[in-house]
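Notes for the one structure printed next.
The values are calculated or read from the model by the stated rules, or taken from the named source; none is laboratory data. Small disclaimer: the values here were computed from a predicted structure and weren't measured. For neighbour counting, all protein chains shown are included, and Cβ atoms are generated from backbone atoms with ideal geometry for every residue, glycine included.
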């Protein structure tokens, strides 16, 4: 015979299992439609760090990037290579970005002063308040293990 205490426990267990079973599905369905270029809109401050290989040359820097919410960006950065500051105090760049529905995406930044470009893979988190990036090296350039985290300026 079930007591009211055991009935309550069983009811709570069934509720908990049902909640746990439905929660990942609800998050996955919501996430599928949650991201687009509009999630990156406004100014973001980035910290940059990593290595350029071979030689393990350390780099550290900061960037201020403006995303327009429509797939275009402008930025300035100050990146220190192996302890040496850049020739230009703030290096400007322009580019494009694309954010997928699952909050992953790509960025390309062109640097007119050097003729270089940077390709990034990104993940948008915290409903667009934060962006995590990793540089994907061009096939003809040095290998890079460079990451950055950007936080929306409020």
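Matching residues to (1) more than 21 Å from residue 40 (Cα to Cα); (2) surrounded by 17 or more Cβ atoms within 10 Å (Cβ to Cβ); (3) under 15 Å from the mean Cα position of the chain (by Cα):
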{"position": "63", "(1), (2), (3)": "no, yes, yes"}
{"position": "67", "(1), (2), (3)": "no, yes, yes"}
{"position": "72", "(1), (2), (3)": "no, no, no"}
{"position": "80", "(1), (2), (3)": "yes, no, no"}
{"position": "91", "(1), (2), (3)": "yes, yes, no"}
{"position": "98", "(1), (2), (3)": "no, no, yes"}
{"position": "101", "(1), (2), (3)": "no, no, yes"}
{"position": "105", "(1), (2), (3)": "no, yes, yes"}
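Kindly evaluate residue 55 against the criterion of being touching a helix residue (DSSP H, G or I) at 6+ places or on another chain (Cβ under 9 Å), in the same structural domain as residue 120 (by TED's automatic domain parsing) and without any contact (Cβ under 8 Å) to a residue 40 or more places away in the chain. Answer is no for this residue. For segment 133-143, the condition holds for at least one residue, the condition being that it is in contact (Cβ under 8 Å) with a residue 40 or more places away in the chain, more than 16 Å from residue 38 (Cβ to Cβ), touching a strand residue (DSSP E or B) at 6+ places or on another chain (Cβ under 7 Å) and outside any strand (DSSP E or B).
So for segment 108-127 (the condition being in contact (Cβ under 8 Å) with a residue 40 or more places away in the chain, assigned by TED's automatic domain parsing to the domain that holds residue 52 and either surrounded by 14 or more Cβ atoms within 10 Å (Cβ to Cβ) or outside any strand (DSSP E or B) (or both)), does at least one residue qualify? Among the residues of segment 108-127, at least one is in contact (Cβ under 8 Å) with a residue 40 or more places away in the chain, assigned by TED's automatic domain parsing to the domain that holds residue 52 and either surrounded by 14 or more Cβ atoms within 10 Å (Cβ to Cβ) or outside any strand (DSSP E or B) (or both), which makes the answer yes.
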